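Trainee: Quick one: structure below, then a few questions.
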Amino acid sequence: MKRILVVGGGLIGIRHVQAVVAHPRCELVGLADPDMTIAGEHTRFANMAEAPDNIDGAIIATPTHLHADHGIQATKRGWHVLIEKPVTGTIKDAKRLENTLKMTGTTSLVGHHRRYHAPVQQLKSLIANGTIGTVVNASIIWAMRKPDAYFEGNWRAAGGSPVMINLVHDIDTLRFVVGEIVKTTALRGASLRGTDRIESGAVVLMFENGATGTISFADTSPSPWGFEAGTGENPNIGTTHQDMMWITGTKGAVSFPSMTLWHGSDWGTSAKRTALDVAQNIRTPLDAQLDHFINVMDGAPPLIDVADAARTLTVAQEIEAQLAQQSNTPATRLAQG
């Protein structure tokens, strides 16, 4: 029975609390958060320093800029860590955390939970098995209109770029399914909410294996396309069951999440469509991730550790930096060009 402390009582932190309480192979030591009114029915600590030493693992669900310090604090006490995404606020912080993990001999897991979706793992296997041949390109659309209240009176009004909040998931999914991303080029769309915040854009990717890819994104446009809408994974986002990712190869193509497979020879004949049986999640991805964290604490290799997640962070930050350097109005960009 693993003893687990959850650190951070926000929306995702409370979901982790609920998952730990319901799991038969672990028990909740408590929740550490300075707001002592949160989750009052569970044991509460104002911070990690108040928690006892006899803890096996800590789930770090605090704001991103605190991930490194909180992770280091936990690992120095000998606790294994599951850290929410993005792994840290900067690559420098990720290196600090990685060095401490090596020094303490503790293990890490990072909460890129989409890797635990059964259909995502099915897609990865299909690509790896050469079902569509050598991957040529991959395209993703993530387009949703976030409500205005999402940005009111908080940090998102200026810093709520969808790159670090949303696209970091898609970037990690592409790395997991297709391969490492070695180069990016990004173009920024116009800001439509009256601020200088990044709201939309397009990204071109080069993969290490020679494939290319694109991501088109916007948080100002209601559409049926996006991982959450297509898979129905988030109860706060409307489900459409529409495909949002398309991967082509030398023998065919596949669309996700419908797992529709296409095979053909050349343009002289129509490609043939096959609807695959979509793998079903036996447990929610968050619960499957907790299962895996318990196994990692027992010595299993992590599906994504700090070093791996830092590569996803590197790509996301490169895209964010390119977009931040560009004007938020098309007319200004044309004049500058």
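The values are calculated or read from the model by the stated rules, or taken from the named source; none is laboratory data. Bear in mind that the values here come from a model prediction, so they are computed numbers and not experimental data. Cβ atoms come from the backbone with ideal geometry, glycine included; neighbour counts cover every protein chain shown. These accessible areas exclude ligands, DNA and RNA; they are computed on the full protein's heavy atoms, side chains included. Shrake-Rupley method; radii C 1.70, N 1.55, O 1.52, S 1.80 Å.
Trainee: Would you please put 214-220, 22-28 in order of how densely packed they are, using the mean number of other Cβ atoms within 10 angstrom per residue and starting with the highest?
Mentor: 214-220, 22-28
Trainee: Rounded to the nearest whole Å², what accessible area per residue is found for region 267-312 with the 1.4 Å probe? Kindly include the intermediate steps, with their values, before the conclusion.
Mentor: On the way: 2660 Å² over 46 residues.
Per-residue accessible area for region 267-312 comes out at 58 Å².
Trainee: To check my understanding: the extent here is largest minus smallest coordinate of the Cα atoms along each principal axis. What are those three numbers for region 89-176, in Å, largest first?
Mentor: Here the spans come out as 49, 44, 22 Å, largest first.
Trainee: In the chain, what is the count of Lys pairs whose alpha carbons are under 19 Å apart, counting only pairs at least 8 residues apart or on separate chains?
Mentor: Details: Lys2/Lys76; Lys76/Lys92; Lys76/Lys95; Lys76/Lys102; Lys85/Lys95; Lys92/Lys102; Lys124/Lys251; Lys251/Lys272.
Lysine pair count for the chain: 8.
Trainee: Which angle from 0 to 90°, rounded to the nearest 10, does the C-alpha axis of helix 306-324 make with the longest principal axis of the chain?
Mentor: Tilt relative to the chain: about 60 degrees.
Trainee: Additional query: Using a 1.4 angstrom probe and counting only protein chains, how large is the accessible area of Ser265 in Å², to 10?
Mentor: 100
Trainee: Would you please classify the overall shape of region 175-217 from the alpha carbon gyration tensor, given that a ≥ b ≥ c denote the square roots of the eigenvalues, rounded means a/c under 1.5, and beyond that prolate means a/b larger than b/c while oblate covers the rest?
Mentor: prolate
Trainee: Principal axis lengths of the chain from Cα atoms, whole Å, largest first?
Mentor: Result, largest extent first: 68, 47, 37 Å.
Trainee: With the full set of protein chains in place, find how many percent of the accessible area of region 157-287 is carbon and sulfur; take the probe as 1.4 Å.
Mentor: Of all accessible area on region 157-287, carbon and sulfur atoms account for 56 percent.
Trainee: Rolling a 1.4 Å sphere over the protein heavy atoms, what is the accessible area per residue of region 1-118, to the nearest Å²?
Mentor: It amounts to 42 Å² per residue over region 1-118.
Trainee: Quick check: the angle from helix 11-22's long axis to the longest principal axis of the chain, C-alpha only, nearest 10 degrees?
Mentor: 60
Trainee: Calculate, axis by axis, the spread of Cα positions in region 1-105 along the three principal axes, and write the results as whole Å, longest axis first.
Mentor: 37, 25, 23
Trainee: Suppose only helical runs count, i.e. DSSP H with n ≥ 4. What mean residue ellipticity at 222 nm does that imply for the chain under -39500 (n - 2.57) per run, divided by all residues and rounded to the nearest 500 deg cm²/dmol?
Mentor: Per the formula, -9500 deg cm²/dmol.
Trainee: If you don't mind, there's one more thing I want to ask. Got a sec? What order do Trp142, Trp267, Trp225 fall in by accessible area at 1.4 Å, biggest, i.e. largest, first? Each step should come with its number before you reach the end.
Mentor: Numbers: Trp142 5, Trp267 255, Trp225 100 Å².
Heavy-atom accessible area, descending, gives Trp267, Trp225, Trp142.
Trainee: Can I ask one more? Among rounded, prolate and oblate, which fits region 195-337 when a ≥ b ≥ c are the square roots of the eigenvalues of its C-alpha gyration tensor, a/c under 1.5 means rounded, and a/b larger than b/c means prolate?
Mentor: On the way: a/c = 1.61, a/b = 1.14, b/c = 1.41.
In terms of gyration-tensor shape, oblate.
Trainee: Related question: Would you kindly find the accessible area of Val204, with a 1.4 Å probe and non-protein molecules such as ligands, DNA and RNA excluded, rounding to the nearest 10 Å²?
Mentor: Per-residue accessible area (Val204): approximately 80 Å².
Trainee: Helix 168-177 sits at what angle to the longest principal axis of the chain, using alpha carbons and giving 0 to 90 degrees rounded to 10?
Mentor: Around 70 degrees separate the two axes.
Trainee: Is region 192-249 best put as rounded, prolate or oblate by its Cα gyration tensor, with a ≥ b ≥ c the root eigenvalues, rounded for a/c under 1.5, and otherwise prolate when a/b is larger than b/c, oblate when not?
Mentor: Since a/c reaches 1.5 but b/c is at least a/b, the shape of region 192-249 is classed as oblate.
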